[in-house]
1. For region A:128-216, give me every one of the helices (runs of 4 or more DSSP H) that falls completely inside it and has 2 or more residues that are buried (at least 22 other Cβ atoms within 10 Å of the Cβ), at pLDDT 85 or above and away from chain B (no Cβ under 13 Å).
2. Assuming residue A:66 fulfils every condition listed in (1) touching a strand residue (DSSP E or B) at 6+ places or on another chain (Cβ under 9 Å); (2) assigned to a helix (DSSP H, G or I) apart from one, which condition is it?
3. Can you name the condition, by its number, that residue B:79 falls short on among (1) within 20 Å of residue A:191 (Cα to Cα); (2) surrounded by 16 or more Cβ atoms within 10 Å (Cβ to Cβ)?
4. Quick one: in region B:77-88, which of the residues that are part of a loop (DSSP other than H, G, I, E, B) and at the interface with chain A (Cβ under 7 Å from one of its Cβ atoms) is modelled with the lowest pLDDT?
5. Give the residue, chosen from A:176, A:233, A:199, that is farther than 21 Å from residue A:255 by Cβ, in the same structural domain as residue A:261 (by TED's automatic domain parsing) and touching a helix residue (DSSP H, G or I) at 6+ places or on another chain (Cβ under 7 Å).
6. Which is part of a helix (DSSP H, G or I) and either free of Cβ contacts under 8 Å to residues at least 60 places away in the same chain or surrounded by fewer than 17 Cβ atoms within 10 Å (Cβ to Cβ) (or both), of A:94, A:104?
7. Among B:234, B:194, which is under 14 Å from the mean Cα position of the chain (by Cα), under 27 Å from residue B:122 (Cβ atoms) and more than 14 Å from chain A (Cβ to nearest Cβ)?
8. Taking the options B:144, B:109, name whichever one is part of a helix (DSSP H, G or I) and within 11 Å of another protein chain (Cβ to nearest Cβ).
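The values are calculated or read from the model by the stated rules, or taken from the named source; none is laboratory data. Note that the structure is a prediction, hence the values are computed from the model and not measured. Here the Cβ positions follow ideal geometry from the backbone for every residue, glycine too, while neighbour counts run over all protein chains shown.
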């Protein structure tokens, strides 16, 4: 690759630094905030140098929120666990349903096929608020309100269209003749799916699963209405930091750091699969 | 009874919002044991569809397929005992070349040593010994094609289907491999069908050639027969290089026979008793008829017709001479150099014994005599 002249390289370096600062600043600021007390955060002007405190994290992990108005019980760690359980169950369910469906849509042309695929995608178009009222009424009648099953079911509808459409693209990129060759060598259609198609689309499936996990993790509205205290994920649980005696910025920042951590780590780990997924085209031919 | 029998095969592709495509029409074909057959035709003629129906990746719309007397058209591909080399190679990307080839043998319960012996033998045959440990994405298209071919040939199958088996190879290698593969197939008595659009390849490798066009089997015969007795206009113009000269002629009676005139000066006279009754009847009833004459059968430099040369090419072993004759273009081929320039006049000889006559529907009603 041509790195250009010296001026060009300096310009590129400066531009990259600016972009990095622009995107990283909020994250770094939140990280810094999470180690400060509310008073340190709110003083004007703000200071970069401060005495770090782990009080925010202690409060979150122990579940005791000390405010000016007295002690408050919070269940942040339980919320985090809920987020994890709900999102991963939803993604697993969506994978089990979505990957075979994506394969079917990619390989076979059948009546109403495109219509069904598009209908599934259209779940993503509907504003959640529009669906919420009828959904919660139905849920109350079915007894699904405030149950893990009920919330996973809704979360799964967030994940399924994503998985279906992303994975379908990956399956379409794999030459069907690779599976044909496998089947001619004496294997069944099902073996060709599990031994050839799924491994070849693996990076794509991983990417889709990761993306839909993040979507589920970040969901707020469905969980707000359908879940009560002990089933709440972090997104809803964070509301507890808006207390009678003020907003607990320090704890909120610490909570954000803790709740972003799993998805961030997952994304860093899965990075190479994502890149591999994007270069899958090279496998063709 | 043949090894492979195709009976009344029809294939129609239907997709919503588009008119149905009739890819294969009422195909009847029988392939004997140990026979090598080429499906020859231009793209979209239904040859690959036919191959894929035999392999089982396309269902037949109607008709039956039997292999060794056993109906297979409703069986899963795995149970048809058919091996195939795909046009797109279709190697398994995570496996090395060796594993790709050996993979085809895995379901056959063969001892490890025997397996590697066979893999190496077939690798030598198609000259890929050096890349056995490489991965498919690291080797060239031509190499991938040879791996794909090896993967099909290494198996024990009742029938071998090869889809454009040598399309990506360099000419010299292609010629060498053709010979070797033909030997291998003949030695082991393997039955094979291959798809190609290359006449040379079809002639060199196949015992019989099935010429297809527009989903219809035009003629299924040996290369010699296709050349000397083409069934219809399509086969006549498709087979042979350069293609057969096809000319419209006016029919008139003359004493003892018919006169087929290309122009006022150029005409053929055919004695009536040299023709059978059907041909005589056709000629009596029509005013014009289409005739064909192979470029190789036109005498250049001798003969009774004087024509003007349009172009004259020496190809190193033969001359292609294009002339204007009675307002029409004719191509002639001679094995010797022709010392004439475009614009010159030259003597041409057209022998009525060498002409094919085609009926109104395109079928050949009279073949040239074989000399």
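1. Details: elements: A:128-142, A:148-173, A:176-184, A:189-192.
Filter on region A:128-216 gives A:148-173.
2. The number of the failed condition is (2).
3. Result: residue B:79 fails condition (2) only.
4. Within region B:77-88, the subset part of a loop (DSSP other than H, G, I, E, B) is B:80-81, B:86-88.
Keeping just the survivors that are at the interface with chain A (Cβ under 7 Å from one of its Cβ atoms) gives B:86, B:88.
Numbers: B:86: 90, B:88: 84.
Of everything passing the filter in region B:77-88, B:88 is modelled with the lowest pLDDT.
5. Working: A:233 fails: farther than 21 Å from residue A:255 by Cβ; A:199 fails: touching a helix residue (DSSP H, G or I) at 6+ places or on another chain (Cβ under 7 Å).
Matching residue, one of A:176, A:233, A:199: A:176.
6. Numbers: A:94 fails: either free of Cβ contacts under 8 Å to residues at least 60 places away in the same chain or surrounded by fewer than 17 Cβ atoms within 10 Å (Cβ to Cβ) (or both).
Exactly one of A:94, A:104 is part of a helix (DSSP H, G or I) and either free of Cβ contacts under 8 Å to residues at least 60 places away in the same chain or surrounded by fewer than 17 Cβ atoms within 10 Å (Cβ to Cβ) (or both), namely A:104.
7. Numbers: B:234 fails: under 27 Å from residue B:122 (Cβ atoms).
Going through B:234, B:194 in turn, just one is under 14 Å from the mean Cα position of the chain (by Cα), under 27 Å from residue B:122 (Cβ atoms) and more than 14 Å from chain A (Cβ to nearest Cβ): B:194.
8. On the way: B:109 fails: part of a helix (DSSP H, G or I).
Matching residue, one of B:144, B:109: B:144.
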